[in-house]
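In what follows, a structure is listed as structure tokens, so that the remarks can point back to it.
Throughout, read-outs are computed from the coordinates displayed, never taken from laboratory work. None of these values were measured; they are calculated from a predicted model. Because the Cβ atoms are built from the backbone with ideal geometry, glycine has one as well, and the counts that use them run over all protein chains shown.
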Ligand SMILES: [Zn+2]
């Protein structure tokens, strides 16, 4: 197994990293630095997998909320205010439920 010519090191602890382990993280100055998973956890308070999971969950929540809002508007226009109100209720429920999960 040939080693790559460019070697990555964690900017914080100096650990040698593989491409897979290296994370690009913006530090307080807004400067990008390459850090390892451990330092990412230390810097952000969450491990990288949780971070990815939360980002994905936030995306899905946003999508679900937009979808429900669109369905609500459609129900309001086509079925009347009662269905519109129900749609708003469901949208709010989804929003709060997913916020709780996180
Ligand atoms: Zn590190």
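A few points about this structure:
- Potential lengthening between residue 73 and residue 38 on full extension [0.36 nm per residue; Cα-Cα distance subtracted]: 8.0 nm
- Modelled spin labels at residue 24 and residue 8, positioned 7 Å past Cα toward Cβ, are 1.1 nm from each other.
- Segment residue 66-residue 97, extension gain: residue separation times 0.36 nm, minus the distance between their alpha carbons: 9.7 nm
- Helices in the chain, meaning DSSP H runs of at least 4 residues, each add -39500 (n - 2.57). Divided by all residues, the mean residue ellipticity at 222 nm is -20500 deg cm²/dmol.
- Stretching residue 90 away from residue 53 to a fully extended chain increases their span by 10.9 nm, per 0.36 nm per residue minus the current alpha-carbon distance.
- Cubic angstrom per residue, convex hull over Cα atoms of the chain: 152
- The chain, relative contact order in percent, only Cα pairs under 8 angstrom and at least six apart counted: 15
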